[in-house]
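Working notes, structure below.
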């Protein structure tokens, strides 16, 4: 049991289950996600005959839901063996991953809209943050498959409780699938970000090109009328200034109408 005590005191272990001769030792990770910060807390169990001992490096208040079930005199969890209590605790820990993923999913939706319509440097930082969180989640959940398989093969778990652990295993597979889906979505955000920046740059270049195209004929007209010829009928006319202004005004208007007709902007 000295190795078990050492594993309990060290909270950096990955999830695992060890089937010893007369007891089971299990380590799982409880995930908590709040305000973009993901934390894991190690929960250890020792199952020996009909006794279950638990160790946690987090507040016991997180398991108030399980405690309330014990408060009911006719609660099933009070009548069943300790193998059922172990299932209830692991099931609660695993199901909490769905709550964590729901919060991350909401952030992914908000980030997607932000990247599509108003991308910033903070957007990319959030993308990397979510990618790291999903990687950490997978590292915590992936070994849980083998944990449940070990429990289902162990003689310490009665046959009548096998179906409950099979249900937990199915939940773990669902969680892994959700994590993989989120990872693919978040990974695509970088491509969307670069594409959005490219489109924005194209729009800027298009606007500058239109402005430049409009001023080219105006520069030509001002240069043309600015030539120093002695006999220039238009310049010597009383309305020459007005006609030149009207001409320079009509040229950009005509160009804008033409650009709009060609759907260039």
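Identify, by number, the condition in (1) touching a residue at least 60 places away in the same chain (Cβ under 8 Å); (2) farther than 20 Å from residue 25 by Cα that residue 146 doesn't meet.
(2)
For residue 35, all conditions in the list (1) touching a residue at least 60 places away in the same chain (Cβ under 8 Å); (2) at positive phi hold save one; what is the number of the exception?
Residue 35 satisfies every listed condition except (1).
Report yes if some residue within region 126-149 is crowded, with 19+ Cβ neighbours inside 10 Å, out of contact with any strand residue (DSSP E or B) (no Cβ under 8 Å at 6 or more places or on another chain) and not in a helix (DSSP H, G or I); otherwise report no.
Checking region 126-149: not a single residue is crowded, with 19+ Cβ neighbours inside 10 Å, out of contact with any strand residue (DSSP E or B) (no Cβ under 8 Å at 6 or more places or on another chain) and not in a helix (DSSP H, G or I).
Which of the following residues is in contact (Cβ under 8 Å) with a residue 60 or more places away in the chain and either loosely packed, with under 12 Cβ neighbours inside 10 Å or out of contact with any helix residue (DSSP H, G or I) (no Cβ under 6 Å at 6 or more places or on another chain) (or both): 74, 64, 95?
From the options 74, 64, 95, the qualifying one is 95.
Considering only residues that are out of contact with any helix residue (DSSP H, G or I) (no Cβ under 8 Å at 6 or more places or on another chain) and closer than 21 Å to residue 21 by Cβ, look in region 149-197 and name the one that is modelled with the lowest pLDDT.
Restricting to residues being out of contact with any helix residue (DSSP H, G or I) (no Cβ under 8 Å at 6 or more places or on another chain) and closer than 21 Å to residue 21 by Cβ, the top hit is 155.
Test residue 24 against the criterion of being more than 22 Å from residue 167 (Cα to Cα) and crowded, with 18+ Cβ neighbours inside 10 Å, and give yes or no.
no
Look through 210, 175, 192 and report the one residue that is outside the structural domain of residue 102 (by TED's automatic domain parsing), surrounded by 13 or more Cβ atoms within 10 Å (Cβ to Cβ) and assigned to a helix (DSSP H, G or I).
210
Within region 44-65, can one find any residue that is under 20 Å from residue 134 (Cα atoms) and assigned by TED's automatic domain parsing to the domain that holds residue 153?
No, there is no match, as no residue in region 44-65 is under 20 Å from residue 134 (Cα atoms) and assigned by TED's automatic domain parsing to the domain that holds residue 153.
Could you say which residue among 56, 17 is under 20 Å from residue 169 (Cβ atoms) and either loosely packed, with under 12 Cβ neighbours inside 10 Å or under 32 Å from the mean Cα position of the chain (by Cα) (or both)?
17
Of the residues 121, 79, 67, 131, only one is at pLDDT below 95 and farther than 26 Å from residue 34 by Cα; which?
79
Of the residues that make up region 128-140, is at least one assigned by TED's automatic domain parsing to the domain that holds residue 13, farther than 30 Å from residue 190 by Cα and in contact (Cβ under 8 Å) with a residue 40 or more places away in the chain?
No: region 128-140 contains no residue that is assigned by TED's automatic domain parsing to the domain that holds residue 13, farther than 30 Å from residue 190 by Cα and in contact (Cβ under 8 Å) with a residue 40 or more places away in the chain.
Mind telling me which of the residues 182, 161, 169 ends up being touching a residue at least 24 places away in the same chain (Cβ under 8 Å), in the same structural domain as residue 24 (by TED's automatic domain parsing) and under 14 Å from the mean Cα position of the chain (by Cα)?
On the way: 161 fails: under 14 Å from the mean Cα position of the chain (by Cα); 169 fails: under 14 Å from the mean Cα position of the chain (by Cα).
Being touching a residue at least 24 places away in the same chain (Cβ under 8 Å), in the same structural domain as residue 24 (by TED's automatic domain parsing) and under 14 Å from the mean Cα position of the chain (by Cα) holds for just one of 182, 161, 169, which is 182.
Which one of the conditions (1) touching a strand residue (DSSP E or B) at 6+ places or on another chain (Cβ under 6 Å); (2) under 27 Å from residue 32 (Cβ atoms) does residue 156 fail to meet, given that it meets all the rest?
With respect to (1) touching a strand residue (DSSP E or B) at 6+ places or on another chain (Cβ under 6 Å); (2) under 27 Å from residue 32 (Cβ atoms), residue 156 is out only on (2).
The values are calculated or read from the model by the stated rules, or taken from the named source; none is laboratory data. Predicted, not measured: the structure shown is a model, and the values here were computed from it. Glycine gets a Cβ as well: all are built from the backbone with ideal geometry, and neighbour counts include every protein chain shown.
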